[in-house]
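A short write-up of the structure that comes next.
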Amino acid sequence: MKKIVYIIKPSAVMYIVADILCIICGYGIASQLFPYSFNAFTNAVFLHTFLAITGLYSTQSYRILWRYATLQDYYRIIGGFTGATVILMIYSSFVPLASNRALFIASAGSLALLIVYRVIIRETKPQKIALPTKKLKIILIAGAGEAGRTLLAEFKRDGRADSIIGFVDDDTRKVGTLLCGKPVLGTTEDIPALIKQYGVKECIVAMPSALKKQIDRVINIIRSSDNVSISILPAVTKLFERALTPELRGIGVEELIGREEIEIDNKLMEGYCTGKTGLVTGAGGSIGSELCRQLMQFKAKRIIAIGRGEYSIYNLQRTLGEYAKYFENIDIRYYIADINDAVRIETIFEKEKPDIVFHAAAHKYVDIMEQNPQEALRNNCLGTRTVLEASKKNGVRQFVCISTDKAVRPVSVMGATKRMAEIITLSYNSDIMHTCCVRFGNVIGSRGSVIPLFYQQIAKGGPVTITHPDMTRYFMSIPEAVMLVIHAAVLSEGGEIFVLDMGKQYKVEEVARNLITLLGYEPDTDIPIIYTGIRPGEKLQEDLWNQGEELVATDHRKIYRIAHRGYEELSVAKINELTPAYVQRLTDDQCKKLLQTIVPEYNPNTSHGT
C-alpha cells in the first residue's frame with residue numbers, strides 16, 4: 001500500500017507555489033465574468049487553495065517527476081483537484097462565498113492552468129533513447145532518469161510493468177517522488193535493504209551516462225546481496241556495439257574482470273580515417289564487424305567488407321545498414337570472397353583501390369586447428385600472403401594484420417600459423433606500403449571467446465566447464481581491441497608489432513565465477529563448475545612478447561611497440577615456396593614438422609606448460 005503521508009522534497013515546493021498562482025489566476029478570470037466582493041473573493045481563494053493543495057498532496061501529486069509524467073499522473077491531478085472543488089461547493093451551500101457559476105469557472109480555469117504548465121514541463125524533456133528490456137520477475141532499477149523512465153515504458157508496453165517495484169537514485173531530490181507511477185525508494189546505498197524487503201531477483205543499472213567508477217560502486221553494492229542478477233544498460237554510444245555482440249547484452253568486460261578500457265584520442269583517429277577507403281577482411285566476424293563500425297564512426301570515405309560466409313555478411317549488412325542512418329555519405333560495399341582465392345581478391349582490390357587494409361580473416365579455434373593443420377596453414381599464412389600481394393599491387397598505403405598472444409612461443413597450430421602471418425606481413429613492409437601487426441589476448445564476446453560458452457552453459461543450468469583451475473588469460477573487450485588496431489595504424493611507421501598494456505592475466509575460473517554471480521546464481525551451489533583438462537595446443541598462461549624482446553613506449557600510454565628481432569629471411573623464403581596444393585597434400589605430422597622449420601619456437605610438445 002502506498003504511503004499517504006510523505007515529506008515534500010524542496011524540488012516540489014515550486015509546484016506548490018505554481019499551483020497556488022494557478023488557482024489565483026483562475027479566480028481572477030472568474031471575477032471578470034462574475035463580479036463579487038473582495039472579501040468573498042479572498043475567502044474563496046484561501047479555502048479553495050487549502051483544499052486543492054491538500055487534495056493534490058493526498059493523491060501524491062507532489063511526488064511525481066513531471067518531466068516523465070504519464071496519463072495516470074494527470075489523472076491524479078484531476079482527481080485531487082476535483083475532490084477539493086466538490087468539498088468547496090458543499091461548503092459554499094452552507095456559507096455563501098460566490099455564485100456556483102463563478103466557483104465552477106474559477107475551478108475549471110485553475111485546473112486547466114494546473115494541467116497546462118505540467119504538460120509544458122513534460123514536453124520539454126530530453127529526447128528519448130531506445131533501450132533493451134529483460135524479462136525477469138522482481139526488478140529494481142538503479143537510475144531514475146530518462147534511461148530508467150524509457151526502460152519502464154518498454155516494460156509497460158510488454159505488459160510486465162508489475163515486475164518493477166521502483167527505482168533508486170543518488171539524487172536525493174528524487175527520493176520519495178514517483179516516476180511514471182513507480183516510487184523512487186531510496187539511494188543506491190539502500191539497495192541491499194530493498195532487495196531483502198521486496199525479494200528483488202534482478203537489478204538493472206540504468207545509468208548510461210555515469211562514469212565507470214560510479215557503475216562499479218553500484219555493482220559492488222548489488223553483489224553484496226545473494227542470488228540477485230545484474231543487468232547494465234550500455235552507454236548510448238555503445239548500444240550498437242552490444243547489438244553486434246548479443247551474448248554480452250547487459251554485462252561487459254569491465255564488470256566481469258574489473259579492468260578499465262583504454263581511452264583513445266577520437267579526433268586523432270578521425271583525422272586519420274577521414275576521406276580514406278578502408279578494407280576489412282573477415283568482416284563478418286566479431287573483430288571485423290567492429291572494425292567496420294568504428295571506421296564508420298571515424299568517418300572513413302568508403303568501407304569494403306570482405307567475408308567468406310554469406311550469412312555473416314548478410315547480418316553485417318543488416319546491422320551496419322541500421323547504423324549508417326546516423327551518418328552522412330557512408331559508402332559500404334560487401335563482398336563474398338575467400339582470401340585464398342587470389343584472382344577474386346585481386347579483382348576486388350583493383351576495383352576498390354583501398355588506402356588501408358585491416359586483415360582480420362583467420363581460423364582461430366585452437367582445438368579445431370590442431371585437427372586441421374593444413375587448413376590453418378593455408379588460411380592463416382598463405383591467405384595473408386594473398387591479401388598482402390594484392391595490397392602491394394594496388395597501392396595500399398597501410399596494412400594492419402590482426403595477430404594473437406598465441407603467436408608468442410606457440411604450442412598450437414593456430415599460434416604457429418599466426419606467427420607465420422606476422423613474419424610474412426613484416427616482410428612486405430616498404431616505403432610505399434607500411435605493414436604492422438597488432439597482438440592482443442582473448443576478446444570477450446568474440447566467436448572464439450570462452451564467455452559466450454559460459455553464458456550458454458549457465459542458461460542451461462550448468463555445468464560450467466573449465467579446462468584447468470590455474471588457466472589464466474588476458475582479456476579485453478571487442479571495441480577496446482579494435483581501437484587498438486586502428487590506433488596502431490595511426491602510430492605505425494612500418495614494420496612494428498604492437499601490443500596493449502593489458503595488465504595482469506586473469507584466472508578463467510575467476511571470470512566464470514564472477515559471471516555466474518552477476519547472473520544471480522551461486523557458483524558450485526546453483527551452477528556447478530567442472531574441470532575437463534587442458535586440450536591439445538593450449539597453454540596455462542599466455543605471453544604477448546617473447547623472452548628477450550623489449551617493450552618500447554609509444555605516444556599512447558597503453559600501447560607498446562615490441563623491439564623485435566625482425567624475421568628470418570630463410571623463413572620468408574620457405575613461406576613463399578609454399579602453395580595451397582602442396583600444403584593440402586601434407587599429413588598432419590608433416591604439416592606440423594613444416595611449421596617447426598619455419599617457426600623454430602613452435603613446440604607442440606609443451607602445450608600443457610607455460
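The values are calculated or read from the model by the stated rules, or taken from the named source; none is laboratory data. The structure displayed is predicted, hence computed values, not measured ones. Virtual Cβ from ideal backbone geometry, glycine too; neighbours counted across all protein chains shown. With ligands, DNA and RNA removed, areas are computed over all heavy atoms of the protein, side chains included. Shrake-Rupley method; radii C 1.70, N 1.55, O 1.52, S 1.80 Å.
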Q) If you count, for each residue, the other Cβ atoms within 10 Å and average over each peptide, how do 79-85, 452-458 line up from highest to lowest? A) 79-85, 452-458
(Q) One quarter of the convex hull surface, Cα atoms only: what value does that give for region 273-400 in nm²? (A) 7.4 nm²
Q) What do you get for Rg/Rh over region 375-454 if you use C-alpha atoms and the Kirkwood form of Rh? A) 1.03
Q | Cross-link pairs K174/K196; K301/K393; K301/K392; K213/K364; K299/K351 - those with Cα-Cα distance over 24 Å | A | K213/K364
Q: Roll a 1.4 Å probe over the protein chains and send me the accessible area per residue for region 384-435 in Å².
A: 25 Å²
Q) How large is ³J(HN,Hα), in whole Hz, for each residue of region 218-233 in order, when computed from phi with the Karplus curve 6.51 cos²θ - 1.76 cosθ + 1.60 and θ = phi - 60°, using x for Gly and Pro? A) 5, 4, 5, 5, 5, 5, 5, 9, 8, 6, 10, 7, 10, 10, 10, 6
(Q) If each residue of separation counts as 0.36 nm, what is the full-extension length gain between K593 and R122 once their alpha-carbon separation is subtracted? (A) 162.4 nm
Q.
Computing the accessible area with a 1.4 Å probe over protein heavy atoms, can you report the carbon and sulfur percentage for region 374-433?
A. 45 percent
Q. At a probe radius of 1.4 Å, what is the per-residue accessible area of C292, in Å² to the nearest 10?
A. 0 Å²
Q.
Quick one: 3J(HN,Hα) in Hz for region 114-123, Karplus 6.51/-1.76/1.60 with θ = phi - 60°, rounded, Gly and Pro as x.
A. 4, 6, 4, 6, 6, 5, 4, 4, 5, 6
Q. Largest first, how would F46, F349 line up by accessible area (1.4 Å probe)?
A. F46, F349
Q: For V343 and Y365, compute 0.36 nm times the residue count separating them, minus their Cα-Cα distance, and round to one decimal in nm.
A: 5.2 nm
**Q.** Alpha carbon convex hull of region 336-394, projected area averaged over orientations, nm²
**A.** 4.1 nm²
Q: Counting residues in region 305-349 as N, plug N into 2.2 N^0.38 Å and put the Cα Rg over that result.
A: 1.30
Q. What fraction of the Cα pairs in region 1-118, stated in percent, has a spacing above 17 angstrom?
A. 53 percent
Q.
For the full complex of protein chains and a 1.4 angstrom probe, list V366, V438 by accessible area with the highest value first.
A. V366, V438
Q. Which value, in Å³ per residue, describes the convex hull spanned by the Cα atoms of region 16-70?
A. 89 Å³
(Q) Ignoring ligands, DNA and RNA, please state the percent of accessible area on region 63-114 from carbon and sulfur, probe 1.4 Å. (A) 73 percent
